[in-house]
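First the structure, in the form of C-alpha cells, and then the observations on it.
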Amino acid sequence: MVSFELSEEQALLRDTCRDFALTIMRKQDRPADESGEIPADIIKQGHELGLTTGYIPEAYGGAGGQLSALDSVIVLEELAYGNLSMTVNILAPSLMNVPLMLYGTEEQKKKYFTMNKPDQFQGFTAALVEPSVRFDIESLKTTAADDGDDFVLNGEKAFVSIADSALATLVFAKKGSGEGLAGIDGFIVPAGGFTVKEREKNQGLRALKQFTLSLDGSRVARNEVLKLSGGFANLLARARTASIALTAGVCRAAYEYALAYAKERIAFGEPIASRQSVAFTLAEMAMEIDAIRLMAWKSAWMLDKGMDAYKEASLGKRYAADTAMFITRNATQILGGHGFVREHPVEMWYRDARSFAVSEFMAIV
Amino acid sequence: MIDFEFTPIMKMAREFTHNYARDVMRPIARKYDEEEHVEPTEFIQKTHEMFRSLGFSFSTANASGDSEEKSEHKEKHDRPKMEMNLLGAIAIEEIAWGCPGLTLRIPGPGLGGAAIMAAGTPEQKKRFMKVLNGPKPSYGAMALTEPGFGSDASAVATTAVKDGDYYILNGTKIFVTGGDMADLYVVWATLGKDLGRSGIKAFVVEKGTPGLKMARLEHKLGIRASDTAEVVLEDCRVHKDNLLGGEKKEEKGFKGAMQTFDATRPMVAAMAIGIARSAYDFVYEDFVVKNGLEINYGRPLHKRGYIETVLEDMEAKISAARLLTWKAAWMLDHSLPNLKEASMAKAKAGTVVDEVTQKAIELYGPEGYSRKHLLEKWMRDAKVYDVFEGTGQIQRLVVARAILDYTRKELK
C-alpha cells in the first residue's frame, strides 16, 4: 500500500534530529568551517542520540532496534540540514557498524560492537576512495595478498573521515586482480595499522577531518576480514542512498535560507521574492528537493524490503548531486553579493554540496 | 509508514492498461495522428466497453472539494475509499504510453466531470455523472479558456444573465478538449464583471442545447487524435439547476474551477510521464536490448559513454517526476491539501517530458526525425503537457505563492 506518511516514531526521530541540527549544529557551523575543527561537545552530543548504535543487538551493548534504511535517510536529511561535516563525523561509526551488521561474523560483531560506547564517541570509519585522478571504484588499486594466516594490504586511501582518531578502519580492497565490484572485501585495520598522512584540504567539508592513508604491508588476520561475498555493491547502494538523503538536507538548508532572505530583502520597494524571476527559482528548488527526498525514500524502502537497490541508489545519487548544484548555486545567487561573502552560510552549503558528485561512502544507511 | 508497494489492484491495473496500450493503441497511434480530425470510432467504442466491463473509469471521482461526503465516508469506514487518484495516475501513465492523443479520446467524465465533482452539489454529481458513466460512450468537456485569456481564468468574459429559472449564456470558448464529441460542457461564465472572481460560475450545458455551437476544430502540433474545439454560446439558455454548486452566493464558483486542477494536474503529470517513458523505452530498446549497450549505473564518468549517461539521466528525471506525481495523487486520496504538490508534479513532468522526447530524437539520429517512427510524434505530443491545465509558468507561480505564503497581489 503506497504511503508517503512517516510513522509516529519516524516523525519523532525527524523532529529530534531537526532540533539538534538547528539548535546545536547550526550554532557552530561557521566557526567549525573556518577553524577546521568540530567542537568535541557537538560530536559527543550527536553521538549520544544513539544513531550509530540503535541497530546493534542488545547482547553487544546496542539498543537492539531494526537496521532501517528508511529511518536512516530521515536522520541523514535532518542532520545534513544542520551541517554536513558534523553529520559525517558523528555518523562515521556506522560506516563500519552497518557492514558488520550485514556481513560480519559473530566474533567480529562481538569484538567491535562492544567497542561502541553510548556515552563516548569511539570512532570507526571506512576507507574506500583512492588518491588518483579519475578514481575508479571498479578497479581498486589497494591489494590484499594472502600470506598464510594474514592478508597483507598495500595501497593508498584518501578522503578517509576521522582516520586519525578512529579505533578501527574498514579498508576496502581486492584479494585478486580484475575489474568489477564483486571481488571487493573489507579488512578491519586497527588504529596504528597504517600511516595517517596529511589531512585533506577540500573545497568544502572543511570542518571534517579527512586523511590520506598509506597501507604499506599492513597485516590483517584472517578473522579480521569482512567477507562480502559479492556484497560490496549492496553496501555501495546503501552508501549512495545515504548520499541522496544528505543532499536533500544540504539543499533544504540553502533553499530555506534563500527563501527567508528573499522575503526580507527589499529592492525597488518590494521584497525580491515578489519578483517572478526569484520566486520561480525558489519554486524550482522546492520541487527538486521534494523529488530528491522521495528518491532517497524509494531507494531506502527497496533496501529495507531486501530488494536490489543498486540502480535506484546510483542514478538517484547522480541526479541528486547534479540538482544540488542547481539548488545551492541559485541559493547563493538569490543572496547576490551576500551569497558570496562568508557572513552568510550559503556559500558554505554551495561548497559542501559539490562533494556529493565526487564522494563515495561518506555515510551509510 | 512510508511504502511504495502497489496493491494487487494497482498491479493489475498497470499490467492491464499497459497491455491495452501496447496492443490496441500503439498500432493505430500513427494513423490517427496523420488523419487529424478523423474520429477513432472503433477505438472509442472498444475502449468504452472494455473499461465499463471492468467498472473502471478515469473519472477523478475523489476530486477534492467534497469534504462533506468524505467525512461521512470516513466515519463509516475510517479509511479513504479505494485510492482512485493514485490508481488513476498509475493506469493513465500506461495508457498515455500507448498514445497521448488517443488517451484524451477515451470516453468518460473527463475534465468536465472533474469540475462537476469538485464544484457540484450532491444532486448534480449524481445526475451528471450518471450521464458521463452511462452505457454509451460519453464525454464531459471543460470550456474555460477564451480567445482573450488563457492562464488568467479570472478574466472570463462569457456572460450569464439571469432570466427567471434560466441563465442566458453568451460568449466564445476555445481549446475545449473533446469539444467535438462532448455530451456535457462545463462552461465558465461571469454573472457580472463588477463581481470579480466571486461572480464567475460554472454551468453544465448539455449537448443539443439551443445556442450551443461547435464552431471549428484546431489544427495542432500534437495530440492530433484528440480534437480541440472552439465552442460558441449564443443566447444559450441553461436551467438554474445546472449552475454548479447551486445559486447560493457563497457556493464555489471560481474556486471550484481551481480545485478541479488539484485533482487533474497529477493525472496530466502522469500522462506526461507516460509519454516520456515511451520515448525512453524506444531508445532503450534499440541501444540496450538490440545493440547491447550497457548502462553501468554509478560507474565513474570517465569510463562511460555519452549515450549511456543520457539514458541514465532520462530515467532519473522520469523517476523524479513520477514520485512527485504519486505523492500528489496520494495526498488527494487521503484528503490532504495538495495544491502545491499537484503543481510541482505537473511542472516537473511537463519539463521532463519535453526534455526526454527531444533528447530521444537526437540520440536516434536522422531516423528519430522520421515519421516512420513515433519518436517525433511523442515530442510533438509532449509540448502541450507543459501548456494545458496550467502552463509550467502558472505551476511555478502556484508553488511559489505556496512556499512564500504570498497572495495573488504579493506575487503577481
Next item on the list: Quick one: grab Rg to one decimal and Dmax as a whole number for the stretch B:195-286, Cα atoms only, in Å.
Entry: 18.9, 59
Next item on the list: In Å³ and rounded to a whole number, note down the convex hull volume per residue for the Cα atoms of the stretch A:49-163.
Entry: 136 Å³
Item checked: Leading residue at positive end of dipole, the stretch A:20-60 (Cβ point charges), from A:ALA40, A:PHE20, A:PRO57 -> A:PHE20
Margin query: If you fit an axis through the alpha-carbon atoms of helix B:8-20 and take the longest principal axis of the Cα set of chain B, what angle between them do you get, 0 to 90°, nearest 10?
Written below: 80 degrees
Item checked: B:LEU244 long-range amide H proximity, modeled H, under 5 Å -> B:ALA202, B:PHE203, B:VAL204
Note to self: Order B:356-369, B:382-395, A:44-57, B:336-349 from most to least packed using the mean count of other Cβ atoms within 10 Å.
What the structure shows: B:336-349, B:382-395, A:44-57, B:356-369
Note to self: Quick check of the Kirkwood formula: for the protein assembly as shown, what is the inverse mean of 1/r over all pairs of different Cα atoms, in Å?
What the structure shows: 28.3 Å
Next item on the list: Count the lysine pairs in the stretch B:254-404 whose Cα atoms sit under 16 Å apart, keeping only pairs 8 or more residues apart in sequence or on different chains.
Entry: 13
Note to self: I'd like the mean, over residues of A:25-32, of how many other protein chain beta carbons sit within 10 Å of each residue's own Cβ.
What the structure shows: 0
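Within a 10 angstrom radius of each residue's Cβ in B:319-325, how many Cβ atoms of other chains show up on average? Whole number is fine.
Taking the mean over all residues of the peptide, I get 6.
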Check: So how long is each side of the stretch A:8-113 along the principal axes, counting just the alpha-carbon atoms, biggest first, in Å?
Finding: 42, 33, 18
Note to self: Could you sort the peptides A:107-116, A:281-290, A:75-84, A:241-250 by per-residue average Cβ neighbour count (10 Å cutoff), highest mean leading?
What the structure shows: A:241-250, A:75-84, A:281-290, A:107-116
Next item on the list: List, in order, the whole-Hz ³J(HN,Hα) value for each residue of the stretch B:185-190 obtained from phi through the Karplus relation with A = 6.51, B = -1.76, C = 1.60 and θ = phi - 60°; use x for Gly and Pro.
Entry: 10, 8, 9, 9, 9, 9
Next item on the list: Give the residue from B:HIS373, B:GLY298, B:GLY392 lying farthest towards the positive end of the charge dipole for chain B; charges sit on Cβ (+1 for Lys and Arg, -1 for Asp and Glu) and the dipole is referred to the Cα centre.
Entry: B:GLY392
Note to self: Counting other C-beta atoms within 10 Å, and keeping those with at most 11, which DSSP coil chymotrypsin sites (Phe, Trp or Tyr not before Pro) do you find in the stretch A:266-351?
What the structure shows: A:PHE268
Notebook entry, point to check: When the dipole is taken about the Cα centre of the protein assembly as shown, and only Lys, Arg (+1) and Asp, Glu (-1) are charged at their Cβ, what size is it in debye, to the nearest 20?
Noted result: 960 debye
Next item on the list: Once you have all Cα-Cα distances for the stretch A:137-231, histogram them in 10 Å bins from zero and send the whole-percent values.
Entry: 17, 47, 30, 6, 0
Check: For the stretch A:124-226, what is the percent of antiparallel DSSP beta bridges, rounded to the nearest 5?
Finding: 85 percent
Note to self: If you average the C-alpha positions of the stretch A:224-245 and of the stretch A:95-129 separately, how far apart do those two centres end up, in angstrom?
What the structure shows: 14 Å
Check: Helix A:232-264: angle to the longest alpha-carbon principal axis of chain A, degrees 0 to 90, nearest 10?
Finding: 20 degrees
Next item on the list: Calculate for chain A the 222 nm mean residue ellipticity that helices alone would give, adding -39,500 (n - 2.57) per DSSP H run of length 4 or more and normalising by residue count, nearest 500 deg cm²/dmol.
Entry: -15000 deg cm²/dmol
Checklist line | Antiparallel bridges, percent of DSSP beta bridges restricted to the protein assembly as shown (to nearest 5) | finding: 85 percent
Item checked: Sequence ranges A:196-206, B:275-285, B:124-134, B:97-107, ranked by mean other-Cβ count within 10 angstrom, highest first -> B:97-107, B:275-285, B:124-134, A:196-206
Note to self: Using alpha carbons only, how many angstrom separate the centre of the stretch A:329-365 from the centre of the stretch A:131-145?
What the structure shows: 28 Å
Checklist line | In degrees, nearest ten, helix B:339-364 long axis to first principal axis of chain B (Cα) | finding: 40 degrees
Notebook entry, point to check: Residues with amide H under 5 Å of A:SER218's amide H, sequence separation 5 or more or different chain, H placed in the peptide plane at 1.01 Å from N; which?
Noted result: A:LEU153
Notebook entry, point to check: Under a Cβ-Cβ cut-off of 11 Å, what is the net charge of the residues other than B:ILE361 that fall near it, where Lys and Arg count +1 and Asp and Glu count -1?
Noted result: 0
Check: Which ³J(HN,Hα) values in Hz, rounded to whole numbers, follow from the phi angles of the stretch A:347-352 under the Karplus curve 6.51 cos²θ - 1.76 cosθ + 1.60, where θ = phi - 60° and Gly and Pro get x?
Finding: 5, 5, 5, 4, 5, 4
Check: Quick one: putting +1 on the C-beta of Lys and Arg, -1 on the C-beta of Asp and Glu, what dipole do you get for chain B around its Cα centre, in Debye to the nearest 20?
Finding: 420 debye
Notebook entry, point to check: With the calculation restricted to Cα positions, what are the radius of gyration and Dmax of chain A in angstrom?
Noted result: 20.4, 78
Notebook entry, point to check: If we count every other residue with Cβ under 11 angstrom of B:SER343's Cβ, Lys/Arg +1 and Asp/Glu -1, where does the sum land?
Noted result: +3
Next item on the list: Calculate the dipole size of the stretch A:8-113 relative to its Cα centre from +1 charges on Lys and Arg beta carbons and -1 charges on Asp and Glu beta carbons; express the result in debye to the nearest 20.
Entry: 220 debye
Checklist line | Candidate lysines for bridging to A:LYS27, where Cα separation is under 18 Å - those fewer than 8 sequence places away on the same chain excluded | finding: A:LYS44
Checklist line | Exercise: per-residue mean of other protein chain Cβ atoms within 10 Å, B:400-412 | finding: 5
Check: Across chain B, how large is the tail of the calculated P(r) beyond 26 Å, expressed as a percent of all Cα pairs?
Finding: 54 percent
Next item on the list: Compute from the Cα atoms of the stretch A:232-357 the Rg and the Dmax, the latter being the longest Cα-Cα distance, and quote both in angstrom.
Entry: 16.2, 57
Margin query: Along the charge dipole of the protein assembly as shown, pointing to its positive end and built from +1/-1 on Cβ of Lys, Arg, Asp and Glu, which listed residue (A:ALA221, B:HIS219, B:ASN133) has its Cα farthest out?
Written below: B:HIS219
Check: Taking the Cβ of A:THR212 as the center, what net charge do the other residues with Cβ under 13 Å away carry, scoring Lys and Arg +1 and Asp and Glu -1?
Finding: -1
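Throughout, read-outs are computed from the coordinates displayed, never taken from laboratory work. Just so you know, these numbers come straight off a predicted model, no measurement behind them. A quick note on method: Cβ atoms are made from the backbone with ideal geometry, for glycine too, and the neighbour counts reach across all protein chains shown.
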